Amino acid sequence: MAEITGMASMVGKSNGSRPGADRDAARYREAAEGLAAFLEESPSMFHAVAAACRRLDAAGFARLAEGDGWSVEPGRGYYAVRNGSSVIAFRVGEAAHPQTDDFHFKLTASHSDSPTFKVKAVPELAGVGESLRLNVEAYGGMIDYTWFDRPLSIAGRVLVRDGNRIESRLIAPDRDLLLIPSVAVHLDRGVNSGFAPNRQVDLCPLFSAGKLERGAFDALVAEEVGAVPEQVLARDLFLANRQKPCIWGAADEFFSAPKLDDLACAYVSLEAFLRCKNDAAVSVWCCFDNEEVGSNTKQGAMSTFLPDVLMRVCAALGGADEDYRRALAKSMLVSCDNAHAVHPNHPEKYDEANRCVLNGGIAVKEAANQHYCTDAFSRAAFLVLCADAGTPVQTFANRSDTAGGSTLGNLSNIQASMHAIDVGLPQLAMHSSFETMGALDVLHGIRAVEAFYGADLRIDGADAVTIG
């Protein structure tokens, strides 16, 4: 990927020229390149979780199977995976004991999925001239036109029968396999006046011009996972944009890639989680699947996954149900899902007083309709943490005449209620197949979440919080 050659001058402009600007530039570069590497490993939600697990393994975390008994010790780290597409990791502080009055959890939550197209069970559609197309349907609310005329592949998981065993295997061919062609302007003169693609007609990826026969897609999938077509029983496959992450601009200010919503926040929060040890709490990192389609699945933020893990941690440390419920009342969640940066061509679409910009730091998101979980209590605590750490914070709220989106903070709180705040990295073109954020905001985000994980928070209901 691109080198961030102009980062030193960029950092100097942001923070004032000083002798350490080159050193800071290297740190910003390292953070952005770390995100790029994570994104390249993560063409699907299954791959994103596998990439996170590799980092947890390297940091010495032990994997716990949900179907096994759990043994948990203070001072150690663990993680559990559900469905191969959601993961919760936790590190138990040396002084974190359920019977003490200050036992609590400190959590972040992000999501592993992004809007794309899923391949249907019967994948091939015949086309004119013996061509083959793939039959796909929308997963989430993407910007459809951004998927046209760019190299695509597939990624996901395949269930393979091997004797009396059925096992899941990841698949992500490192090849340009597909493309969704536009209709030429000569044949659609009104295309620039407004184009609303029909997803059953216009968004079928081209797979073959006639050289391949029916069944070729199944054969390709089987070969990629080391099987024959008869062994492949089922699959969860999604279109993947093949464009590489890149840092661009004359001053290297921009970072663009597929799936920034929400893998950028997943990466930032994971990096902060791995860097911080907090002996006073159980630190928890969550990455849930299916946020883009409502979160109400067995592995989504509305599932029992989070309370299942937290209750089992409490029990494994010798705590009772009462200890768990007391701990929730003293806990805090930072819901990490990207925010809308003000669009330079359309500032009128944003609230003029509550809008955020690229490279201005992490944004706190708030909505009166409670689609974001931020309230005055959580905002105050988070702002103090970031101010003490010297990391910038911005504010985001929708225009009062515009319905905004929602995220997973309040959804997870349905199952495990605690104080919570919604934050995100500012970005442009959310739900495009290729999104853009600020190159500096990767490290800004890591530092903000580090401040949260590293602090000793003592919460007293909704009346006070002491920050040590």
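Key figures
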{"item": "Scope segment 211-251; condition in contact with a helix residue (DSSP H, G or I) (Cβ under 9 Å, 6 or more places away or on another chain), of a type in the set (S, T, N, Q) and closer than 22 Å to ALA37 by Cα; matching residues", "result": "ASN241"}
{"item": "Candidate set: segment 152-187, residues that are among the acidic types (Asp, Glu) and without any contact (Cβ under 8 Å) to a residue 60 or more places away in the chain; chosen: the one nearest to SER42 (Cα to Cα)", "result": "ASP174"}
{"item": "Within segment 324-352, considering residues that are open to solvent by 70 Å² or more (accessible area, probe 1.4 Å) and free of Cβ contacts under 8 Å to residues at least 24 places away in the same chain, the one farthest from HIS104 (Cα to Cα)", "result": "ASN345"}
{"item": "Test for VAL49: is it β-branched (Val, Ile, Thr), modelled with pLDDT of 95 or more and in a helix (DSSP H, G or I)", "result": "yes"}
{"item": "Search result, residues across segment 156-178 that are assigned to a strand (DSSP E or B) and surrounded by 15 or more Cβ atoms within 10 Å (Cβ to Cβ)", "result": "GLY156, ARG157, VAL158, LEU159, VAL160, SER168, ARG169, LEU170, ILE171, LEU178"}
{"item": "Enumeration of residues in segment 416-468 that are acidic (Asp, Glu) and modelled with pLDDT under 95", "result": "ASP456, ASP460, ASP463"}
{"item": "Flag if ALA272 is closer than 23 Å to LYS365 by Cβ, assigned to a helix (DSSP H, G or I) and among the small types (Gly, Ala, Ser)", "result": "yes"}
{"item": "Filtered residue count, segment 405-441, keeping only those that are more than 20 Å from TYR28 (Cα to Cα), of a type in the set (Gly, Ala, Ser) and in contact with a strand residue (DSSP E or B) (Cβ under 8 Å, 6 or more places away or on another chain)", "result": "5"}
{"item": "Filtered residue count, segment 430-442, keeping only those that are of a type in the set (A, V, I, L, M), farther than 16 Å from PHE396 by Cα and within 16 Å of the chain's Cα centre (by Cα)", "result": "1"}
{"item": "Residue tally, condition among the aliphatic types (A, V, I, L, M) and more than 16 Å from ASN413 (Cα to Cα), over segment 276-308", "result": "4"}
{"item": "Members of segment 405-431 that are assigned to a strand (DSSP E or B) and closer than 24 Å to ILE143 by Cβ", "result": "ASP422, VAL423, GLY424, PRO426, GLN427, LEU428"}
{"item": "Residues within segment 252-276 that are out of contact with any helix residue (DSSP H, G or I) (no Cβ under 8 Å at 6 or more places or on another chain) and surrounded by fewer than 23 Cβ atoms within 10 Å (Cβ to Cβ), tallied", "result": "2"}
{"item": "Evaluation of CYS204 against (1) in a helix (DSSP H, G or I); (2) closer than 17 Å to THR146 by Cα (one fails), failing number", "result": "(1)"}
{"item": "Residue satisfying all of: in segment 179-195; part of a loop (DSSP other than H, G, I, E, B), of a type in the set (A, V, I, L, M, F, W, C) and modelled with pLDDT of 90 or more; least open to solvent (accessible area, probe 1.4 Å) among these", "result": "ILE180"}
{"item": "Residue check, LYS277 touching a residue at least 40 places away in the same chain (Cβ under 8 Å), part of a loop (DSSP other than H, G, I, E, B) and within 22 Å of the chain's Cα centre (by Cα)", "result": "no"}
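Here is a yes/no grid of residues against (1) among the polar types (S, T, N, Q); (2) in contact with a Gly (Cβ under 6 Å, 6 or more places away or on another chain); (3) buried (at least 16 other Cβ atoms within 10 Å of the Cβ):
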site	(1), (2), (3)
GLN370	yes, no, no
CYS373	no, yes, yes
SER378	yes, no, yes
LEU383	no, no, no
ALA387	no, no, no
GLY390	no, no, no
PHE396	no, no, yes
SER400	yes, no, no
ALA403	no, no, no
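The values are calculated or read from the model by the stated rules, or taken from the named source; none is laboratory data. The structure presented is a predicted model; accordingly, all values stated were derived computationally and were not measured. Cβ sites come from the backbone with ideal geometry, for glycine too, and all protein chains shown count toward neighbours. Note: areas computed on protein heavy atoms with side chains; ligands, DNA, RNA excluded. Shrake-Rupley method; radii C 1.70, N 1.55, O 1.52, S 1.80 Å.
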